[in-house]
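Could you have a look at this structure, given as structure tokens, before my questions?
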Number of protein chains: 2
Amino acid sequence: MKEMKISEAVVRRLPIYLRYLNELRMSEVQTVSSQELGQRLNLNPAQIRKDLAYFGEFGKKGIGYDVGYLIEKIRHILKLDQVIPVALVGAGNLGHALCNYNTYLKNTMKITAVFDASPNKIGTQINQLTVLPMDKLSETVNEQKIRVGIITVPSAVAQHVADQFVQAGIEAILNFAPTIIKVPSHIRIHQADFTAELHSLAYYLD
Amino acid sequence: MKEMKISEAVVRRLPIYLRYLNELRMSEVQTVSSQELGQRLNLNPAQIRKDLAYFGEFGKKGIGYDVGYLIEKIRHILKLDQVIPVALVGAGNLGHALCNYNTYLKNTMKITAVFDASPNKIGTQINQLTVLPMDKLSETVNEQKIRVGIITVPSAVAQHVADQFVQAGIEAILNFAPTIIKVPSHIRIHQADFTAELHSLAYYLD
DNA sequence: TAGATTGTTAATCGATTAACAATC
DNA sequence: TAGATTGTTAATCGATTAACAATC
């Protein structure tokens, strides 16, 4: 059980559980069943129980899950029981928007450095952060122990930015540019592809 | 074959194919094999052939696929051989960023109206669009035959905006707010959830 | 105790991949 | 013709769901 490989589908659901559990805690709900979770999140209760059971026995038979305890556990599983420093490259509107989520994400992932190639952007402020030039990337990643990189630059330069992230020693990348970028296999990469999302939506129109 | 149900996984890959094919066309590449596509997109060639075969026989044995022809076909399958008018609610940084994609998406989905509840935002310009008040939503959706809605408002009001979209007669929604919203079953909804994406990324850190 | 709900096994369902005849 | 590559079937793999004993 210790060394079981967890599927990507499971890992993608955990943050969804976590978010709703946080809402429940804010409403001072003490306990929740897989049934209630499933109802709210449009998921099968058996699936939720199975997902959680990969990591331990977090529930109580006949009762359900303690909200606070389950939050703790999922945060730990996702390694979100620590602040993970994040760098963002591309100080446009999208980069700006993402920086605003720092408050929302406060005790977990935190954007601690913003970069841009354009002299117009360098030196400007985004929230409390000063936009840095690209040649400070490697140095900053090291100093601040940044582990994750976010790419919000145009597609044409996304691969180049990814290469610089990899060079600098980042462990994972979230790419918003609408293009598939290549990274070495030890780097985790997720695609946040708004245009593909919209295009696949069109298929379902009548 | 006419009435076969296509899985969501297949539909999500089509825009990825389309995008790379467009790149190939720009480089004046005439023909591409499933092998080459797979290599570039990190997909199994058999999967690509199977995906395409759900919709017809688009390739030539021994040769591969004609780039221009396949683009035509996928655009048609995704209903992107027409301009689909889109409304966006939430004229913040994120909304602003998405409006900038209009150029990129030019002959397909097009944001034709932007709304916001805040008096500070109403009347301001985003690209060529004037930000409208929420009470113009229904009217505008009807007049412009808008079929898709994008939500870029805070989580707390996302459900309310979705309800208004549904009321106005929209067919599909792309929600950027980090919360699960509920819509009637005839409405297609996709989640563009940046925070969940980041959180699941953390799991894969060492 | 009776009712509720978990954790887990077994059954089902669906998606991916391998293999290959057809054919350009 | 020989080499390449499709379209498609069969095999494999994996994920979801149903069912239920255990137990709070």
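List every residue pair whose Cβ atoms sit under 9 Å apart, with the two residues 6 or more apart in sequence or on different chains, where the first one lies in the stretch B:19-38 and is within 17 Å of A:Pro178 (Cα to Cα) and the second, anywhere, is open to solvent by 60 Å² or more (accessible area, probe 1.4 Å) and not in a helix (DSSP H, G or I).
B:Leu24/B:Gln30
Being within 11 Å of chain A (Cβ to nearest Cβ) and in contact with a strand residue (DSSP E or B) (Cβ under 8 Å, 6 or more places away or on another chain) is the requirement here; does B:Lys110 meet it? If you could, list the steps in order and put the result at the bottom.
On the way: within 11 Å of chain A (Cβ to nearest Cβ): yes; in contact with a strand residue (DSSP E or B) (Cβ under 8 Å, 6 or more places away or on another chain): yes.
Against the criterion (within 11 Å of chain A (Cβ to nearest Cβ) and in contact with a strand residue (DSSP E or B) (Cβ under 8 Å, 6 or more places away or on another chain)), B:Lys110 qualifies.
Hey, among the residues in the stretch B:113-126 that are of a type in the set (A, V, I, L, M, F, W, C) and closer than 19 Å to B:Ala162 by Cβ, which one's nearest to the other protein chains (Cβ to nearest Cβ)?
First, the residues of the stretch B:113-126 that are of a type in the set (A, V, I, L, M, F, W, C): B:113-115, B:117, B:122, B:126.
Filter once more, keeping what is closer than 19 Å to B:Ala162 by Cβ: B:113-115, B:117.
Details: B:Ala113: 15, B:Val114: 13, B:Phe115: 17, B:Ala117: 17 Å.
Of everything passing the filter in the stretch B:113-126, B:Val114 is nearest to the other protein chains (Cβ to nearest Cβ).
Can you report the number of residues in the stretch A:79-96 which are outside any loop (DSSP other than H, G, I, E, B) and either within 7 Å of another protein chain (Cβ to nearest Cβ) or among the charged types (D, E, K, R) (or both)? Working first, answer last.
Initially, the stretch A:79-96 is screened for residues outside any loop (DSSP other than H, G, I, E, B), giving A:84-89, A:93-96.
Now restrict to residues that are either within 7 Å of another protein chain (Cβ to nearest Cβ) or among the charged types (D, E, K, R) (or both): A:84, A:93-94, A:96.
Qualifying residue count for the region: 4.
Let me ask something else. Condition first: hydrophobic (A, V, I, L, M, F, W, C), within 12 Å of another protein chain (Cβ to nearest Cβ) and open to solvent by 40 Å² or more (accessible area, probe 1.4 Å). Now tell me which residues in the stretch B:37-51 satisfy that.
Quick first cut of the stretch B:37-51, residues hydrophobic (A, V, I, L, M, F, W, C) only: B:37, B:41, B:43, B:46, B:48.
Pick out the ones that are also within 12 Å of another protein chain (Cβ to nearest Cβ) and you get B:37, B:41, B:43.
Once the filter is applied, which keeps residues that are hydrophobic (A, V, I, L, M, F, W, C), within 12 Å of another protein chain (Cβ to nearest Cβ) and open to solvent by 40 Å² or more (accessible area, probe 1.4 Å), the stretch B:37-51 yields only B:Leu43.
Which ones in the stretch B:9-60 are charged (D, E, K, R) and farther than 13 Å from A:Ala196 by Cβ? Give the steps one after another, and end with the answer.
In the first step, residues of the stretch B:9-60 are kept if they are charged (D, E, K, R); the result is B:12-13, B:19, B:23, B:25, B:28, B:36, B:40, B:49-51, B:57, B:60.
B:Glu23, B:Arg25, B:Glu28, B:Glu36, B:Arg40, B:Arg49, B:Lys50, B:Asp51, B:Glu57, B:Lys60 - these are the residues of the stretch B:9-60 that are charged (D, E, K, R) and farther than 13 Å from A:Ala196 by Cβ.
Kindly indicate whether any position in the stretch A:89-99 is open to solvent by 10 Å² or more (accessible area, probe 1.4 Å) and under 15 Å from B:Leu201 (Cβ atoms).
No: the stretch A:89-99 contains no residue that is open to solvent by 10 Å² or more (accessible area, probe 1.4 Å) and under 15 Å from B:Leu201 (Cβ atoms).
Can you tell me how many residues within the stretch B:52-78 are in a loop (DSSP other than H, G, I, E, B), surrounded by 14 or more Cβ atoms within 10 Å (Cβ to Cβ), of a type in the set (A, V, I, L, M, F, W, C) and within 16 Å of DNA strand D (Cβ to nearest atom)?
2
Tell me which of these A:Tyr54 doesn't satisfy, since it passes every other one: (1) more than 10 Å from DNA strand C (Cβ to nearest atom); (2) within 13 Å of chain B (Cβ to nearest Cβ).
Status for A:Tyr54: all satisfied but (1).
Here's another thing I want to ask about it. Being of a type in the set (A, V, I, L, M, F, W, C), assigned to a strand (DSSP E or B) and either over 17 Å from A:Met109 (Cβ atoms) or touching a strand residue (DSSP E or B) at 6+ places or on another chain (Cβ under 7 Å) (or both): is that true of B:Ile180 here?
Working: of a type in the set (A, V, I, L, M, F, W, C): yes; assigned to a strand (DSSP E or B): no; either over 17 Å from A:Met109 (Cβ atoms) or touching a strand residue (DSSP E or B) at 6+ places or on another chain (Cβ under 7 Å) (or both): yes.
Criteria not met by B:Ile180.
Could you tell me whether any residue of the stretch B:20-36 is surrounded by fewer than 16 Cβ atoms within 10 Å (Cβ to Cβ), within 14 Å of another protein chain (Cβ to nearest Cβ) and of a type in the set (Phe, Trp, Tyr)? Working first, answer last.
Within the stretch B:20-36, the subset surrounded by fewer than 16 Cβ atoms within 10 Å (Cβ to Cβ) is B:22-23, B:25-30, B:35.
Checking the rest, the ones that are also within 14 Å of another protein chain (Cβ to nearest Cβ) come to B:22-23, B:26-27.
Imposing the further condition that a residue be of a type in the set (Phe, Trp, Tyr) reduces the set to none.
For the stretch B:20-36, residues surrounded by fewer than 16 Cβ atoms within 10 Å (Cβ to Cβ), within 14 Å of another protein chain (Cβ to nearest Cβ) and of a type in the set (Phe, Trp, Tyr): absent.
Additional query: Of the conditions (1) open to solvent by 20 Å² or more (accessible area, probe 1.4 Å); (2) within 11 Å of chain A (Cβ to nearest Cβ), B:His190 satisfies every one except a single condition; which number is it?
Single failed check for B:His190: (1).
The values are calculated or read from the model by the stated rules, or taken from the named source; none is laboratory data. From a predicted model like this one, the values you see are computed outputs, not experimental measurements. Here the Cβ is made from the backbone with ideal geometry for all residues, glycine too, and neighbour counts use every protein chain on show. For accessibility, only protein heavy atoms count, side chains too; no ligands or nucleic acids. Shrake-Rupley method; radii C 1.70, N 1.55, O 1.52, S 1.80 Å.
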